[in-house]
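The values are calculated or read from the model by the stated rules, or taken from the named source; none is laboratory data. Values in this document were obtained by computation on a predicted structure and should not be read as measured data. Ideal geometry is used to build each Cβ from the backbone, glycine not excepted, and the neighbour counts take in all protein chains shown. Accessible surface is based on the protein model in full, side chains and every heavy atom, while ligands, DNA and RNA are left aside. Shrake-Rupley method; radii C 1.70, N 1.55, O 1.52, S 1.80 Å.
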Amino acid sequence: METVFFKGEPMHTCGELPVAGAEAPCFALVGQDLADITLHDLKGKRVVLNIFPSLDTDVCAASVRRFNKDAASFANTKVICVSEDLPFAASRFCVANGIENVVTGSGFRSDFGKNYGVTLDDGPLRGLYARALVVIDEDGKVMGTSLCREITEEPDYEFVKKLLG
């Protein structure tokens, strides 16, 4: 369990992010077309998981826009923006914001949050995800993770850039 904060108030995650060097937990997220997005399908590519509570917040929306801009410079890498938002809401957001370089993945029918330790167990955002980054290599190993202690702050974009070099 990790402690994160929402406007200074503590909340707790259901577990911990996977550690660098470990096999990344399998996942099946739901894409905008309602098809599954799985880690297995991404084998051979590096994966950036931009995990956050909801596209309906300014900070989460800003992170998707930023990764959409940055993703074009990441060789052999797929950026997946992960939340509990329904695929329909993600689709509307992406169309309205010209999002074309990242993929949205909904965890609404999976155990993604539990397997990655990011589901919030208490506080006003209980049931949503904490803000975190997970970078996975071509072989499915975790290259590194970053958990935002204050959910209202943007993730560490430079962390991803350094790992993907």
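How long are the three semi-axes of the equivalent ellipsoid of region 69-123, in whole Å, if each is the root of 5 times an eigenvalue of the C-alpha gyration tensor, listed from largest down?
Result for region 69-123: semi-axes of 23, 16, 9 Å.
Would you work out which of VAL4, LEU29, ALA61 lies farthest towards the positive end of the dipole of region 1-131? Charges go on Cβ: Lys and Arg +1, Asp and Glu -1.
Working it through, the farthest residue towards the positive pole turns out to be ALA61.
In nm, to one decimal, how far is the PHE108 label point from the CYS26 one, both placed 7 Å along Cα→Cβ?
A separation of 2.4 nm, rounded to one decimal place.
Count the net charge of all other residues whose Cβ sits under 12 Å from the Cβ of ASN97, scoring Lys and Arg as +1 and Asp and Glu as -1.
So the environment of ASN97 carries a net charge of +3.
Looking at the chain, what % of the alpha carbon pairs are farther apart than 19 Å?
Tail fraction, whole percent: 50.
Each label point is 7 Å from the Cα along the Cα-to-Cβ direction; what then is the distance between the points at LYS43 and GLU158, in nm?
Label at LYS43, label at GLU158, 3.7 nm between them.
Pop out the carbon and sulfur fraction of the accessible area of the chain as a percent, whole number, probe 1.4 Å.
Heavy-atom surface of the chain belonging to carbon and sulfur, 1.4 Å probe: 50 percent.
Once ligands and nucleic acids are excluded and a 1.4 Å probe is used, how much of ASP70 is accessible, expressed in Å² to the nearest 10?
Answer for ASP70: close to 10 Å² accessible.
What number comes out for the charge environment of ARG109, summing +1 per Lys or Arg and -1 per Asp or Glu over other residues with Cβ under 11 Å away?
Summing Lys and Arg as +1 and Asp and Glu as -1 gives -3.
What's the magnitude of the charge dipole for the chain around its Cα centre, counting Lys and Arg as +1 and Asp and Glu as -1 at the beta-carbon? Answer in Debye, nearest 20.
Roughly 340 debye for the chain.
Keeping every protein chain present and rolling a 1.4 Å probe, give me the accessible area per residue for the chain in Å².
Here the per-residue accessible area is 47 Å².
For region 25-82, give the magnitude of the charge dipole about the Cα centre (Cβ charges: +1 Lys/Arg, -1 Asp/Glu; no others), in debye to the nearest 20.
For this selection, approximately 320 debye.
Applying 1/(1 + (r/R0)^6) with R0 = 25 Å to the Cβ-Cβ distance of GLU16 and SER54, what FRET efficiency is obtained, to the nearest 0.05?
Computed FRET efficiency for GLU16 and SER54 comes out at 0.70.
Run through all the Cα pairs of region 1-95 and give the fraction in each 10 Å bin from 0, expressed as whole percent.
13, 41, 38, 8, 0
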